Every structure is written in structure tokens, then in C-alpha cells.
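First up is the structure itself, then whatever we jot down about it.
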Amino acid sequence: MLKTNANVERASLEDMAMLSMEVGRLLMESGASARIVDDYVARTARGLGAERIDLRVGYASLAITIGIGGEGITRMRKVGHLGVNQRLDQALRKLSYRVERGELGVSGIRTELERLPRETPRHPGWLVDIAVGVACASFGRLLGVDWLGVGPIFAGATIAQSFRRRMVARHVNVFINAVMVAAIASLLGGWGARRLGSSTVDIAMISSVLLLVPGIPSLNAQNDILEGRPTLGSARAVTVLIILIFLTAGLWLSQIILGEGN
Amino acid sequence: MHLDLIKILHNTLFGGLAAMGFGVLFNIGLRSILWCSVSGGLALAVRTVGLQLGWSLEAASFTAAVAVGSLVQMTQERIGMSRNILDVAGCIPLVPGGFAAKAILGMIALTAPVPKNPDQTLILSVEYLLRVFFTVGALGTGLAIPTLLLRVLAPKPQH
């Protein structure tokens, strides 16, 4: 219907709303804060020719009102699981800049938005598992675990991360997954540490579950509140709290099985 | 005033490794992973020095977060990474996850039919909970301050 600066196609209000919200949805699902989502959705919509852009960023949905002259529409879009994917986040930002400069038309943006989630490179699963194992073992040393406990933490966290990856692929509920992953990690970490004669079995069990600490959501929660979006920030904070409770439930289960923590 | 250099080096190394591990989990490109390590190592080095100087955990964590936030704000455009993710990868070794788990476990222990040492368990749980609350607050505030202050001074990104 209307388009001001694109070199190829004219974008309708519908295109402007839906394509810019798709950028926002993917950014949310890649771990971006509300300010970033707001910023890049606005860049995309402006690049497509929008004059007025009002975006509401919710925990599970986005709503946008786009206007040009006397015309305007409002649309809403569902947001899926909020994960973390740095390379997709960066690719989406670059896409927004290209749209803002008028380098892509409607079909070009649509193609890129379909391609990026599919083709943005990811580390191999085994590498992620090992890296998470190394991270938890390092947490163990920082929390005071003796050297005998480090190997079991590494093994427990690596196996638990591999399990978590498989459960995520099967769309298992994130909280139920947290309980199972925490139980597996702490059971293996604690059992191994005890078998090897470590004197810090309880701390080894806690270190093994730290792969589940929701760092990005907790920081985003604070950022969102500090930047004037208390509703979204509170929703993120509640999710962080519930994950911590489920994480502890898994740890508690394995403590009962191993007879630790009494 | 005595600083234990071995302890500082130890914590810097393992802080860097922990940040690197989370960098891979966050799907940061391999070339940028080094920056996660630098960020995590710096965080732990600053916090360890602070603790050795007699500061509280919260004060040391706040200072470490300010250091990480400043580093990230000054280098983010050069290395082409999301500020948020680099902040988190650097500060994740500072998150008091161990205290959080101990606090909730303590609360669970209090609900047993006959809790052992309930007064002591309650006080410890509340102490751990407060430490989590204040430390996480210190991290968020420490990261936000350089961002908000330096954002106006930083050059606009050219993409």
C-alpha cells in the first residue's frame, strides 16, 4: 500500500506490522531485553516506511500499532520460549540495519527471516555439553570444592546438559526439565565426589546444578524494570524464581537419595 | 595489607573458564569466546581482590560488575557482540547460585516434621537469601551504571 524508501517493493501496513514484529519475536526468543526489541522493531518498521510505531513488549506476546498519515493498524504476535542465541541475535540486528538503510524489500526480509533461524550456525551439541561441564567444574573450584570433586562435577554437568538438550528438542516443559536436570547433575556429581573421597560432596552437588542458573533472564528482568517496563521485568523475575525453586527440588531429591545434607 | 596472588590467579582462571563455558552455551561465536573469558576473569579478579581487602561480598561483587560493565561498554562495538550477553557471560561466575540453593534447601528443611536446629537453620536460610538478594541487586546495578553513563559518550554504531 505505502512505502517511502525501499528500492524494490511497496510494503503494506500489514507487512510493516508483521515483519517488524517477527524481528521482535526472534530477538525476544534469542535473549534480548525489551529495550533492544523495541529499538530494532522500530528500525525495521521505519525502514519499511512506517511513520508512527508503538510497540508493547509482553512476556509471551508482542503488540504493535503502525501508522502512516491518517491510516493505522494494530497487530499482535505470540512469542515462544525465551532462550539465548547470541549469533541469531546479532544476525537479526544486522538485518534491521539493512532494512533501515532500504537495502531489502518485503520479500527479501521475509526470506531472511525464514533463513536466519534455520541457518545461523550453532556449536555442536557435544561441544556445548563439555563447555557446560567445564563451567560447572570451574564454579566448583570457585565455591571451594576440593580437586577430588572437580572431575565428578564435570561429568555430572556434562551428562545433565546433554540430557537437557534432548529434552528441549522434545519440547518438555522447562520447569519439569529443570527438576530432572538438577537431579541428574547433582546425583552424578555427588555420587562421584563421594566415591573419590572428596570432603566437599555437598558443595560438589550444588556446583553441578549451576548450569541451570538463569543468568540472562535475571539480568533482563532487572534491565527491563530499570528501563521502565516493570510488568515484563516482574514476569521474567517470577520465571527466574520458579526455575530456582525447581532446580532446588531436583537437588533436594538427589540429596535424599544420597543421604547428603542431613 | 596482604594480597594472596595465588588465590587471585586461581579465581581469575576459573572465572574465565566458567564464563567461556557459558559463552558456548549462549552460542557466542568461537572468535568472541575469548572476550567472555576476559570478562569473567576480570570479574573474579576484582571480586577476589575486594574480598581480600576486607570488603563485603556485595561490595566486591558490585565493584566487579562495574568493572565488567565498563569493559563491555567500551569494547562492545569493536568486538560486535550483544552487550547483554557479554555482561551476563562475564558476571555469571559472580551469581550466588550456591547461596540461593542453600537458602531454599534450608527453607525445605524447616518444613520437616521435626526440623533439626530450627532457629539456626532459619537464620542461615534468611542470611543466604539476603545475600542472594543484595548480591544480585549489586550485580544488576553495577552493570547498569557504566551502561547508562557511557551510552551517551559512546559513538553510534555503524553497521
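Just so you know, all these numbers are worked out from the coordinates, no wet-lab data involved. What you see is a predicted model; the values in this text were computed from it and never measured. Here Cβ is always computed from backbone atoms with ideal geometry, including for glycine, and neighbour counts include all displayed protein chains.
Just a few scattered comments:
- Over chain B: helical MRE at 222 nm, DSSP H runs n ≥ 4 each giving -39500 (n - 2.57), nearest 500: -27000 deg cm²/dmol
- Cβ neighbours within 10 Å from other chains - mean over A:79-87: 4
- Value of relative contact order over segment A:125-258, rounded to a whole percent, pairs C-alpha under 8 Å and six or more apart: 29 percent
- Test item: A:132-145 mean partner chain Cβ contacts at 10 Å: 6
- Cα long-axis angle, helix B:57-79 against chain B (0 to 90 degrees, to the nearest 10): 20 degrees
- Note on segment A:1-111: with charges restricted to the Cβ of Lys and Arg (+1) and Asp and Glu (-1), its dipole about the Cα centre is near 180 debye.
- Among B:Tyr128, B:Ser32, B:Val46 the positive-end extreme of the charge dipole of chain B (Cβ point charges): B:Ser32
- Folded to 0 to 90 degrees: helix B:118-151 orientation relative to chain B principal axis, Cα: 10 degrees
- In terms of packing, defined here as the mean over residues of other Cβ atoms within 10 angstrom, the peptides A:12-20, A:202-210 line up highest first as A:202-210, A:12-20.
- Applying 1/(1 + (r/R0)^6) with R0 = 25 Å to the Cβ-Cβ distance of A:Trp147 and B:Arg31 gives a FRET efficiency near 0.20.
- Under 15 Å, Cβ to Cβ, from B:Gly21 - net charge with Lys/Arg +1 and Asp/Glu -1: +2
- Helix B:97-110 vs. chain B, principal-axis angle (Cα, 0 to 90°, nearest 10): 20 degrees
- Lys, Arg +1 and Asp, Glu -1 on Cβ, resulting dipole of segment A:142-214 about Cα centre, debye, nearest 20: 340 debye
- Taking the convex hull of the alpha carbon positions in the protein assembly as shown and averaging its projected area over all directions gives 21.6 nm².
- For chain A, adding -39500 (n - 2.57) for each run of n ≥ 4 DSSP H residues and dividing by the number of residues yields -22000 deg cm²/dmol at 222 nm.
- For segment A:13-119: rounded, prolate or oblate by the Cα gyration tensor [a/c cutoff 1.5]: oblate
- The mean number of partner chain beta-carbon atoms within 10 angstrom of a residue's beta-carbon across peptide B:136-145 is 3.
- Summarising the label geometry, the points placed 7 Å from Cα in the beta-carbon direction at A:Leu241 and A:Glu119 lie 4.4 nm from one another.
- Computed over neighbours whose Cβ is under 10 Å from that of A:Gly67, the net charge equals -2, Lys and Arg +1, Asp and Glu -1.
- Size of electric dipole in the protein assembly as shown: Cβ of Lys, Arg +1 and of Asp, Glu -1, about Cα centre, debye, nearest 20: 600 debye
- Listed by number, the DSSP H helices of chain A that run 18 Å or longer by alpha-carbon position along their axis and have mean Kyte hydropathy of at least 0.0 are A:13-29, A:125-143, A:147-169, A:174-195, A:230-258.
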